[in-house]
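Engineer: Right, I'll just put the structure down here and ask away after.
The values are calculated or read from the model by the stated rules, or taken from the named source; none is laboratory data. Fair warning: this is a prediction, and the values are worked out from it, not measured in the lab. Ideal geometry is used to build each Cβ from the backbone, glycine not excepted, and the neighbour counts take in all protein chains shown. Quick note on the areas: whole protein, heavy atoms, side chains included, nothing else; ligands and nucleic acids left out. Shrake-Rupley method; radii C 1.70, N 1.55, O 1.52, S 1.80 Å.
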Amino acid sequence: MIRLRSLLAVLLLSPVAAVATEVPTPSELRQQLTPTYKALQKDATFIELRDAIKALDDDRAIERYLEYLPMSPKELLEIDMLVRVYEHMVPRHIHEWHYRWIYMHQDLAKEHYGETQVRYVLDEIARVNPEPATPATDEATTGTTGPTRADVGTNRNVASLEMPAPDRYQGEIQLAVNPNNPNQIVAGANSWDTIGGTCGSASGLQAVFYSADGGDTWSYTCVPDVGAYGLSCAGGTFGSDPAIYWNDQNEVFFAYMLLCSVNGNTEFSIVTARSTDGGANWTAQGVIADSFGSNVLEDKEFLVIDNTPTSPYYERLYVCWDRQNNQKFAYSDNDGVTWTEVDLPAPSPLTLDLACDIAVDDNGDVNVIFNSLTCIGICFNEETYFTRSTNGGDTWSNPIEVQDGNLVGFSNQNCPPAQDNRCISPFGGIDIDNTGGPCDGRIYVAFSDWLAGGVVTTDVFLRYSDNNGTTWSSPVMINDDGTQTTQFHPWLVVDESDGSVVVGWHDTRNDPTSNRETDYYIARSIDCGETFEANIQVSQPSAEFNNAGISYSNVNTTANPGRNPNQYGEYLGLDVIDGVAYMAWGDSRHYFPASTADPQDENVGFAKIDFGLEDIFSDGFESGDTTAWSSTVP
């Protein structure tokens, strides 16, 4: 019998040939297995075996549970997230159980994943001490586009030289630069690395990468575990959804989901930590939400801090998230030790709300966007809404629709080849111009959507408002490729030094045939969001990755069988200060296609993009020009 703990040694994956026979796509498989998932929820034997798992190293109980399961535990979790409309990363132990389940159910696994994938998994289990893969010939990218005046710095493989280097998976990146000292950068990532058992009992907490020299070199640590917050988990812990923000005192805060896996279920909490030394050491501050011991979902948090000294709420911390698909909001006036919680207004009692983001005006007003889904069994409509508080988060305006597009999360129709397992959503990012210039107070929202041709043709867009979110401009397309490829999961930041608007995103334009190979692009607007400059390819070949000759990542389930099931996650890291953008992303180049014996299957890639400062009003643009606006909410 193969011991589960030994699977850590055999998950060093290598590429295989394309699947020769037709098998379900991940989305199709989830649809096929959903009735079985629903039947399991009423199955007394399943419940008994699941609840008998008292610890993540309880091999005997896990074996019985996996033997009984009619589907992989990975599919069980992903269907549960789809049905109950929530998302967190697939933890490392679930992926290990997934491999063990395939070993135990080979005939059924062939129906679900195809003979090639099953044979590959069995070979990997048998090869306990894998030989390094023979390097394959790298495919060339089609090159870059965009203006040459912006300088894209060396692509860094963040913290890869750390000893020991972070292994397995780092994805769904967030990043923040100290506005008082741009040499200090902190990036957070969902992680499968436990740093020698000190960061999570089995599946890894939130990884922290920090730099004191503007991103030239990095170090690596993690955030506090449950004990530091006075919480108790009867199973194993892991983290999800990093959110990072600096205050005006050179302190950086990190909010994250701190999750407990017990009896095969996930229990939720949301917490915040603080570092006073640039990210090297972290102190547990307080618990924002605690649903340990219950089946209550606490999901998708984001964090900001009011850093305007003249604001009546100076240094107040704000967090938004959803509880059971009901948007929540909380604020803290004591560095996150205690929190005051309020409800955000719902567009409709019939919708499910999640995925928020926050921006604070220089007068202290708080602006929030969130998404609202309409679902009957499966979700079929998704809208982005805006709400505003003028009293520090105590009360909120009625929600106003920003965008009602074609792209719908949790729909099984939102899975382009680049992200065919985790799929994509139209989640937005919000920021506001606090420069005091002609566009002071303009609110910007970036999002993904497709206009025609389905999810593969998804683009990234921007809308803006000059009247506190009451009406919104027509959408401005940010990507300029003109191809039927996929641009998704944008992040938006306003450079408060000059008012320029900067957006970064995932992009498959250099792989128009398969739409799998994903590069990272960035674009800037210097006319207050009316138009964008030519797009700039940020991901560039770099000697810091094993596959030094390519720029793209590829985590498609067919092309890269060793990819992490979380794929890229749902956002990337971006900050902009004084004309320089700092961008971080999930990167598979150290592992795929030619170095699949390396334990670092997804890393954090990083680069600086020096735009230079601009006088964005030199073309005669005047604040209040609404000629491009629609008279009502589109």
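Engineer: Among residues belonging to the range 371-381 that are of a type in the set (A, V, I, L, M) and touching a residue at least 24 places away in the same chain (Cβ under 8 Å), point out the one that is surrounded by the fewest Cβ atoms within 10 Å (Cβ to Cβ).
Structural biologist: If we take residues in the range 371-381 being of a type in the set (A, V, I, L, M) and touching a residue at least 24 places away in the same chain (Cβ under 8 Å), then Ile378 is surrounded by the fewest Cβ atoms within 10 Å (Cβ to Cβ).
Engineer: (1) surrounded by fewer than 21 Cβ atoms within 10 Å (Cβ to Cβ); (2) closer than 23 Å to Glu87 by Cα; (3) touching a Ser or Thr at 6+ places or on another chain (Cβ under 8 Å): which one isn't true of Val368, the others all being true?
Structural biologist: Among (1) surrounded by fewer than 21 Cβ atoms within 10 Å (Cβ to Cβ); (2) closer than 23 Å to Glu87 by Cα; (3) touching a Ser or Thr at 6+ places or on another chain (Cβ under 8 Å), Val368 violates only (1).
Engineer: Can you confirm whether Ser465 is surrounded by fewer than 22 Cβ atoms within 10 Å (Cβ to Cβ) and either touching an Asp or Glu at 6+ places or on another chain (Cβ under 9 Å) or not basic (Lys, Arg) (or both)?
Structural biologist: no
Engineer: Residues being among the small types (Gly, Ala, Ser), in contact (Cβ under 8 Å) with a residue 60 or more places away in the chain and open to solvent by 30 Å² or more (accessible area, probe 1.4 Å): count how many of those fall in the range 226-245.
Structural biologist: Within the range 226-245, residues that are among the small types (Gly, Ala, Ser), in contact (Cβ under 8 Å) with a residue 60 or more places away in the chain and open to solvent by 30 Å² or more (accessible area, probe 1.4 Å) number 2.
Engineer: Test Ser551 against the criterion of being crowded, with 24+ Cβ neighbours inside 10 Å, at pLDDT 95 or above, small (Gly, Ala, Ser) and more than 16 Å from His95 (Cβ to Cβ), and give yes or no.
Structural biologist: Details: crowded, with 24+ Cβ neighbours inside 10 Å: yes; at pLDDT 95 or above: yes; small (Gly, Ala, Ser): yes; more than 16 Å from His95 (Cβ to Cβ): yes.
Yes: the conditions hold for Ser551.
Engineer: Something else about it: Checking Glu544 against (1) touching a Lys or Arg at 6+ places or on another chain (Cβ under 7 Å); (2) buried (at least 24 other Cβ atoms within 10 Å of the Cβ); (3) under 30 Å from Asp167 (Cβ atoms): exactly one of these is not met. Which one?
Structural biologist: Evaluating Glu544 over (1) touching a Lys or Arg at 6+ places or on another chain (Cβ under 7 Å); (2) buried (at least 24 other Cβ atoms within 10 Å of the Cβ); (3) under 30 Å from Asp167 (Cβ atoms) leaves (2) as the failure.
Engineer: Just to be sure before I move on: is Asp248 touching a residue at least 60 places away in the same chain (Cβ under 8 Å), open to solvent by 10 Å² or more (accessible area, probe 1.4 Å) and in a loop (DSSP other than H, G, I, E, B) in the structure I sent?
Structural biologist: Criteria met by Asp248.
Engineer: Something else about it: Taking the range 516-533 as the region of interest, how many residues are open to solvent by less than 10 Å² (accessible area, probe 1.4 Å) and part of a loop (DSSP other than H, G, I, E, B)?
Structural biologist: Of the residues in the range 516-533, 2 are open to solvent by less than 10 Å² (accessible area, probe 1.4 Å) and part of a loop (DSSP other than H, G, I, E, B).
Engineer: Which residue is most open to solvent (accessible area, probe 1.4 Å), if the candidates are limited to the range 192-206 and must be without any contact (Cβ under 8 Å) to a residue 60 or more places away in the chain and at negative phi? Steps first, please.
Structural biologist: Of the residues in the range 192-206, the ones without any contact (Cβ under 8 Å) to a residue 60 or more places away in the chain are 193-200, 205-206.
Subset that is at negative phi: 193-194, 198-199, 205-206.
On the way: Asp193: 16, Thr194: 26, Thr198: 99, Cys199: 3, Leu205: 3, Gln206: 0 Å².
Per the stated criteria, the residue is Thr198.
Engineer: Select from the range 262-286 the residues that are open to solvent by less than 10 Å² (accessible area, probe 1.4 Å) and small (Gly, Ala, Ser) and list them in ascending order. Even if it seems obvious, please write down each step before you answer.
Structural biologist: Of all residues in the range 262-286, those open to solvent by less than 10 Å² (accessible area, probe 1.4 Å) come to 268-273, 275, 278-279, 286.
Selection gives Ser269, Ala273, Ser275, Gly278, Gly279, Gly286.
Engineer: Within the group Thr485, Thr471, which residue is modelled with pLDDT of 95 or more, surrounded by 19 or more Cβ atoms within 10 Å (Cβ to Cβ) and farther than 19 Å from Gly429 by Cβ?
Structural biologist: When all the criteria are applied, what remains is Thr485.
Engineer: Please enumerate the residues belonging to the range 571-594 that are crowded, with 24+ Cβ neighbours inside 10 Å, closer than 29 Å to Asp498 by Cα and of a type in the set (D, E, K, R).
Structural biologist: Result: Asp575, single match.
Engineer: Any residue at all in the range 60-75 that's touching a residue at least 60 places away in the same chain (Cβ under 8 Å), open to solvent by 10 Å² or more (accessible area, probe 1.4 Å) and part of a loop (DSSP other than H, G, I, E, B)?
Structural biologist: Within the range 60-75, not a single residue is touching a residue at least 60 places away in the same chain (Cβ under 8 Å), open to solvent by 10 Å² or more (accessible area, probe 1.4 Å) and part of a loop (DSSP other than H, G, I, E, B).
Engineer: Can you name every residue in the range 268-310 that is in contact with a Leu (Cβ under 7 Å, 6 or more places away or on another chain) and under 21 Å from Glu78 (Cβ atoms)?
Structural biologist: Correct list: Phe268, Asp299, Lys300.
Engineer: Name the single residue that is surrounded by the fewest Cβ atoms within 10 Å (Cβ to Cβ) among those in the range 404-461 being of a type in the set (Phe, Trp, Tyr) and closer than 26 Å to Glu75 by Cα.
Structural biologist: Ranking the qualifying residues of the range 404-461, first place goes to Phe410.
Engineer: Out of the residues in the range 330-348 meeting the condition of being of a type in the set (A, V, I, L, M) and open to solvent by less than 10 Å² (accessible area, probe 1.4 Å), tell me which one is nearest to Ser389 (Cα to Cα).
Structural biologist: Leu344
Engineer: OK, next. Every residue in the range 349-359 that is touching a residue at least 60 places away in the same chain (Cβ under 8 Å) and open to solvent by 20 Å² or more (accessible area, probe 1.4 Å), please.
Structural biologist: Residue satisfying the conditions is Leu352 alone.
Engineer: Let me ask something else about it. Just to be sure I understand, how many residues within the range 311-329 are in a strand (DSSP E or B), of a type outside the set (Val, Ile, Thr) and buried (at least 21 other Cβ atoms within 10 Å of the Cβ)?
Structural biologist: 8
Engineer: Now a separate question. Which condition number in (1) modelled with pLDDT of 90 or more; (2) open to solvent by less than 20 Å² (accessible area, probe 1.4 Å); (3) assigned to a helix (DSSP H, G or I) is the one that Val90 fails?
Structural biologist: It fails just one condition, (3).
Engineer: Contact list please: Cβ distance under 7 Å, first residue in the range 272-296 and on the phi > 0 side of the Ramachandran plot, second residue among the acidic types (Asp, Glu) and crowded, with 20+ Cβ neighbours inside 10 Å, pairs at least six apart or on different chains.
Structural biologist: If the second residue must be among the acidic types (Asp, Glu) and crowded, with 20+ Cβ neighbours inside 10 Å, the pairs left are Gly293/Glu267.
Engineer: Do we have Gly214 as in contact with a strand residue (DSSP E or B) (Cβ under 8 Å, 6 or more places away or on another chain) and surrounded by fewer than 20 Cβ atoms within 10 Å (Cβ to Cβ) here?
Structural biologist: Taking the combined requirement at face value, the residue satisfies it.
Engineer: Got at least one residue in the range 136-153 being at pLDDT below 75, open to solvent by 70 Å² or more (accessible area, probe 1.4 Å) and charged (D, E, K, R)?
Structural biologist: Yes, because at least one residue in the range 136-153 is at pLDDT below 75, open to solvent by 70 Å² or more (accessible area, probe 1.4 Å) and charged (D, E, K, R).
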